[in-house]
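The values are calculated or read from the model by the stated rules, or taken from the named source; none is laboratory data. Since the model is a prediction, treat every value here as computed from it, not as a measurement. All Cβ positions, even for glycine, are placed from backbone atoms using ideal geometry, and neighbour counts span all protein chains on display.
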Amino acid sequence: MMLLKRNKTPELESDQKYVMNCYLRPGGRVCVDAGAGTGKTTVLIETLAETVLRELQGKPSNFNPMERILVVSFGVEASRQLKSRLKERLRDHESAGGILPTNIWRFIETESHIQTIDAFLQALLREIVTEIGLNPSFEISTGLEQDNLVDEIINKIRNDPSLAPKWFRLERAFPNLDYLEYPPENLRDMIWNTHQKAREFCLDVKEVKNQLVFAVKNLIHKGFEPPFTIDALQKLVQQLSNNTYVLTCPDHQKAAMIEHAEDVYNYSLQLANDFGDLLIAFDEQYDAISKKTGKLTYIDVAYLVWQYTFKKGGNDWKTRLQNRFDHIFVDEFQDTNFVQYEIIKSLIRSGPPEKRNHVMFIGDVKQSIYQWRSAEPQIFRDLILSLKQKTAADSVPEGMTYAPLFSNFRSHPKLIDFFNGVFSQLFKDRARGAVSGEVPYEELIAKVELASDDNKPRVHVLINPGRTVREWVDYEAQKLAAVIRGILQPNSGILVHEENRTRQPSAGDIVLLFRRKENIPRYVDELRSSGINCAIQTDVSLFGEPEVSLIIDFLDWLANPDSRESITRILRSPIIALSDKTLRYLASKRFFLVKALNDWKPELNLPEGDKRRLIELLKFREDLRWDREGPKAALIERIIAHGYFDSVVLTSEDGLQAQANLWMLIEVVSSWEEEELLSYRDFIKTLKALRDR
């Protein structure tokens, strides 16, 4: 029997009730695949609220029911919303006659474990700082601090007599190409990124070295070792190409071929060993310095907790973790990474149902958005498939049930039918998508109730016979023009309903939306040739225009001087116009402009004009520092005025349009600030999001 009463809160659908029942039974554990619009948060909050009420049963008034409940999400705002939604649901319970202690609101707000996964892991780490020798005042380092630490360690490696030859051998194999527009990773970044990836996947760096050597020997060379024969090389080529290619070599070149293959093998093996040795040396230095200074990445925090839990902490620590929470909720589970999931699993108690803790993993593989923060949606995918296929796997908690949500409360029934038809087939294709292999998909059932109304939106699927992009565009433009002509005919039977009247549709009632601008002129020509007036509006794409994008880079650089992406684009732009030689020099200094200017020497033979422009650029940034929290439109005007920005833009191809784009940007930003000034952080976040679209 449910304790949770409802006043204004609607009843749950059968699939939502099933999720709650699976969780609330003794030792209940449920994996919830919740597609968009299926009421994921509603189900989580309903289950959480019922759990709170059950925890309160028979307890004194000062009992905190949140103490043994863990709810983790993947964003600060998401955690705030979960707290707000929980309080809102419990207030509805109260309004329906439910009784709650007055201190429940304080417990939820200040003494609960409803938090981000990062905050939870940092709290765990604070409990073990003494045992692992970590600075108790540890914090997440800024990008600049992290860069400086990595550079410090790399410099020590380069100056170590035992490691320097390995570094320079690798540097010759992987030279620094940062001056290119799309450079590959340089050696410094390869070591740093490999180090962090190793920690993310709970790998010791010595194990990484062993895997690199194994890869050279067994994945690249398929177990063949020198001395080679032509026959061995032929087999190697066939195995590597899956019998697609055959190695042919004239008799007089066979000896040279064998010698070359052995040189490649030995050189590759040497580079693998060199890289592994540098990685081990880097890890030793990084571990010591980061623990002493307390400057960590999010991955470091998770790794140190995992390392202590599984390598150093012993059974007492594991037992304490497993007994800490009776209820574990993980929201947006698709954004979990490997090391985070390993720690979450360490919280789960095994045993008979009455001894186990309750667990809910809820999310949607198709909505993973944190892959830039190392999210691994495959974890959720594999968990779902294992439960659906009832196959045993280490990743599946004991006693877990698969319970998908399929009632959709958001989309039109026709859209749901369309999605089901397309995605049920598409996601079975193992060659598609960011998640390798099959992507779980549950067919949805539309719960949106619609009255019969001819003026409701409709989706029309156009079967286009075009085989090329040009043919496709021509056919679609002609069809759309014909449809619009029909809509605008006086006797079409289509009416526009306004507040107090109905009227015939006009061209201004119709909008065509495009993802790209390149083919818009073809549609415009077709519409105008059909006598249909139309206008082009590209407000959103404004933020992707080169001159506007450069302004966004300037604004980002003002707030984030260590933003290498922004400063490199600024320096390459015609506004600053540095020479390639200076760009290569700055790349060697990782685009830290102050350091580059301090190290600028006559013997470098760099253009003095470039130096003057860099000094002016830094002075300009210093001048603008205090303008950031004022009107943002005025700040943009100052940037445009700097260095005759608008004059340079005018000289570019289609310069008048580019200049108009800049002034349109100022108007758009001014409209944003009509009521109140934006915080600089939100302002930059908005601009970058619009540009990325």
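Do you know which of the residues in the stretch 106-119 that are within 14 Å of residue 87 (Cα to Cα) and outside any helix (DSSP H, G or I) is farthest from the chain's Cα centre (by Cα)? Per the criteria, the residue is 111.
Inclusion of residue 126 among residues that are touching a Pro at 6+ places or on another chain (Cβ under 8 Å) and surrounded by fewer than 19 Cβ atoms within 10 Å (Cβ to Cβ) is warranted. Restricting the stretch 287-298 to residues that are modelled with pLDDT of 95 or more and part of a helix (DSSP H, G or I), the residue that is nearest to residue 56 (Cα to Cα) is 291.
Summed over the stretch 565-604, residues that are assigned to a helix (DSSP H, G or I), of a type outside the set (A, V, I, L, M, F, W, C) and buried (at least 17 other Cβ atoms within 10 Å of the Cβ) total 5.
Just wondering, is there one or more residues in the stretch 206-215 that are in a helix (DSSP H, G or I), of a type in the set (Gly, Ala, Ser) and in contact (Cβ under 8 Å) with a residue 12 or more places away in the chain?
If we filter the stretch 206-215 for residues that are in a helix (DSSP H, G or I), which is where we start, we get 206-215.
Then keep just the ones that are of a type in the set (Gly, Ala, Ser); that gives 215.
Checking the rest, the ones that are also in contact (Cβ under 8 Å) with a residue 12 or more places away in the chain come to 215.
Looking for residues that are in a helix (DSSP H, G or I), of a type in the set (Gly, Ala, Ser) and in contact (Cβ under 8 Å) with a residue 12 or more places away in the chain, one finds at least one in the stretch 206-215, hence yes.
Among the residues making up the stretch 29-54, those that are touching a residue at least 60 places away in the same chain (Cβ under 8 Å) and surrounded by fewer than 22 Cβ atoms within 10 Å (Cβ to Cβ) are 36, 37, 41. The residue that is nearest to residue 279 (Cα to Cα), among those in the stretch 209-266 that are of a type in the set (Gly, Ala, Ser) and surrounded by fewer than 12 Cβ atoms within 10 Å (Cβ to Cβ), is 223.
Of a type outside the set (A, V, I, L, M), touching a helix residue (DSSP H, G or I) at 6+ places or on another chain (Cβ under 6 Å), assigned to a helix (DSSP H, G or I) and more than 15 Å from residue 205 (Cβ to Cβ): does that describe residue 309?
Values: of a type outside the set (A, V, I, L, M): yes; touching a helix residue (DSSP H, G or I) at 6+ places or on another chain (Cβ under 6 Å): yes; assigned to a helix (DSSP H, G or I): yes; more than 15 Å from residue 205 (Cβ to Cβ): yes.
Yes; evaluated as a whole, the condition is true for this residue.
Could you go through the stretch 494-514 and let me know if any residue there is under 30 Å from residue 686 (Cβ atoms), more than 36 Å from the chain's Cα centre (by Cα) and in a loop (DSSP other than H, G, I, E, B).
Just the residues of the stretch 494-514 that are under 30 Å from residue 686 (Cβ atoms), to begin with: 508-514.
With more than 36 Å from the chain's Cα centre (by Cα) added as a condition, the list becomes 508-509.
Still in the list and also in a loop (DSSP other than H, G, I, E, B): none.
Looking for residues that are under 30 Å from residue 686 (Cβ atoms), more than 36 Å from the chain's Cα centre (by Cα) and in a loop (DSSP other than H, G, I, E, B), one finds none in the stretch 494-514, hence no.
I'm checking my understanding of the structure. Among residues of the stretch 160-176 that are touching a residue at least 24 places away in the same chain (Cβ under 8 Å) and in a loop (DSSP other than H, G, I, E, B), which one is nearest to residue 270 (Cα to Cα)? Filtering the stretch 160-176 for residues that are touching a residue at least 24 places away in the same chain (Cβ under 8 Å) and in a loop (DSSP other than H, G, I, E, B), the one nearest to residue 270 (Cα to Cα) comes out as 163. Scanning the stretch 317-363 for residues that are assigned to a loop (DSSP other than H, G, I, E, B), under 23 Å from residue 298 (Cα atoms) and touching a Gly at 6+ places or on another chain (Cβ under 8 Å) yields 331, 332.
Can you tell me which residues in the stretch 5-35 are among the aliphatic types (A, V, I, L, M) and touching a Ser or Thr at 6+ places or on another chain (Cβ under 8 Å)? Spell out the reasoning first.
Narrowing the stretch 5-35 to residues among the aliphatic types (A, V, I, L, M): 12, 19-20, 24, 30, 32, 34.
Selection gives 12, 19, 20, 24, 30.
Taking each residue of the stretch 86-105 that is farther than 14 Å from residue 63 by Cα and looking for partners that are among the hydroxyl-bearing types (Ser, Thr, Tyr) with beta-carbon atoms closer than 6 Å, six or more apart or interchain, yields 92/9. Kindly establish whether residue 305 is surrounded by 20 or more Cβ atoms within 10 Å (Cβ to Cβ), touching a Lys or Arg at 6+ places or on another chain (Cβ under 9 Å) and not basic (Lys, Arg). So residue 305 fails the test.
Apart from one condition, residue 375 fits all of (1) closer than 27 Å to residue 146 by Cβ; (2) part of a helix (DSSP H, G or I); (3) in contact with a Ser or Thr (Cβ under 8 Å, 6 or more places away or on another chain); (4) aliphatic (A, V, I, L, M); the exception is (2). Within the stretch 518-526, one or more residues are of a type outside the set (A, V, I, L, M, F, W, C), modelled with pLDDT under 80 and outside the structural domain of residue 630 (by TED's automatic domain parsing).
Checking the conditions here, which among 538, 568 is polar (S, T, N, Q), more than 15 Å from residue 689 (Cα to Cα) and modelled with pLDDT of 85 or more?
Checking each option against the conditions leaves just 568.
Among the residues of the stretch 120-159, count how many are part of a helix (DSSP H, G or I) and touching a residue at least 40 places away in the same chain (Cβ under 8 Å). Steps first, please.
Taking the stretch 120-159 and keeping what is part of a helix (DSSP H, G or I), we get 120-127, 129-132, 143-158.
Still in the list and also touching a residue at least 40 places away in the same chain (Cβ under 8 Å): 120-122, 124-125, 131-132, 143-147, 149-154, 156-157.
Total meeting the criteria: 20.
Being assigned to a loop (DSSP other than H, G, I, E, B) and touching a residue at least 24 places away in the same chain (Cβ under 8 Å) is the filter here; which residues of the stretch 227-270 pass it? Reasoning before the result, please.
Of the residues in the stretch 227-270, the ones assigned to a loop (DSSP other than H, G, I, E, B) are 227-229, 241-250.
Those that are assigned to a loop (DSSP other than H, G, I, E, B) and touching a residue at least 24 places away in the same chain (Cβ under 8 Å): 227, 228, 229.
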